[in-house]
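Working notes for the structure below.
The values are calculated or read from the model by the stated rules, or taken from the named source; none is laboratory data. Computed from a predicted structure; not experimentally measured. Here the Cβ is made from the backbone with ideal geometry for all residues, glycine too, and neighbour counts use every protein chain on show.
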Amino acid sequence: MACGTGNLSLALAARFPDAELTFVDAAPAMLEVTKTRLEMTHPQSARRAHFVEARFEQLRLPSATFDAVVSQMSLHHVEKKGALFLQLFALLAESGAFCFADRMIGGTEESQAASWQRWVDHCRRNCSEAEVVGLLEHAQAHDHYASLADHFHLLESAGFRGLDCAWRDWAWAIVTATRVASRPGK
Ligand SMILES: C[S@@+](CC[C@H](N)C(=O)[O-])C[C@H]1O[C@@H](n2cnc3c(N)ncnc32)[C@H](O)[C@@H]1O
């Protein structure tokens, strides 16, 4: 979902060379970059791949057909995450999994303030002041962050089970969920 320039897409093609991959992004230019990079690095995967120009909110993909739906640094663009999770749940086959990495807000005002400040400091160390202002304005205008707890709540309401946070580093988290609950081992 939202392949962008294909960073995660290429890693997926390398890790799952026999998979039939479908790449979705709202921006045709982004799809084109991913397609070109995939053709250059994983031509066999590229021949089997599907490229779908669509906003998440208007996805028209066949139900119950995907073994996995993955996304990186993109879902914060979606305001109505509950509706999106319902759609993604419907796409998954019985044993399917959903895995996404994204920025989260903190669970408390204090943790959010500390995490945000850390990000702004990081930006200031690596970007010009004009770029930092641009990033902050972009975030204000386009981004819709939610806490990890809110993500879990919305995922569970959409039907997902086996919810987990596989990794977390301040604002960044990787969340995994499955269509059907598997029994945890002892
Ligand atoms: C920050 S990039 C992440 C790209 C990629 N996942 C990566 O990790 O390199 C966000 C991507 O989301 C896409 N995007 C933003 N809003 C979207 C939406 N509502 N539906 C589909 N794609 C969207 C943008 O076109 C862009 O390619």
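Note on the range 38-59: among residues that are assigned to a helix (DSSP H, G or I) and within 11 Å of the ligand (Cβ to nearest atom), the one that is modelled with the lowest pLDDT is E57. Scanning the range 80-91 for any residue that is surrounded by fewer than 18 Cβ atoms within 10 Å (Cβ to Cβ), under 28 Å from R161 (Cα atoms) and touching a strand residue (DSSP E or B) at 6+ places or on another chain (Cβ under 6 Å) turns up nothing.
Please enumerate the residues belonging to the range 128-173 that are crowded, with 16+ Cβ neighbours inside 10 Å and under 16 Å from the mean Cα position of the chain (by Cα). Scanning the range 128-173 gives Y145, A146, S147, L148, H151, F152, L154, L155, F160, L163, A171, A173. What are the pairs, 6+ residues apart or on separate chains, where a residue within the range 1-19 that is within 13 Å of S45 (Cβ to Cβ) has its Cβ under 6 Å from a residue that is more than 6 Å from the ligand (Cβ to nearest atom) and of a type in the set (F, W, Y)? Pairs that qualify, where the first residue is within 13 Å of S45 (Cβ to Cβ) and the partner is more than 6 Å from the ligand (Cβ to nearest atom) and of a type in the set (F, W, Y), are C3/F23; S9/F23.
Among the conditions (1) assigned to a loop (DSSP other than H, G, I, E, B); (2) modelled with pLDDT under 95, the only one that S95 does not satisfy is (1).
Take the conditions (1) touching a Leu at 6+ places or on another chain (Cβ under 8 Å); (2) away from the ligand (no atom under 14 Å from the Cβ); T22 misses just one of them, which is (2).
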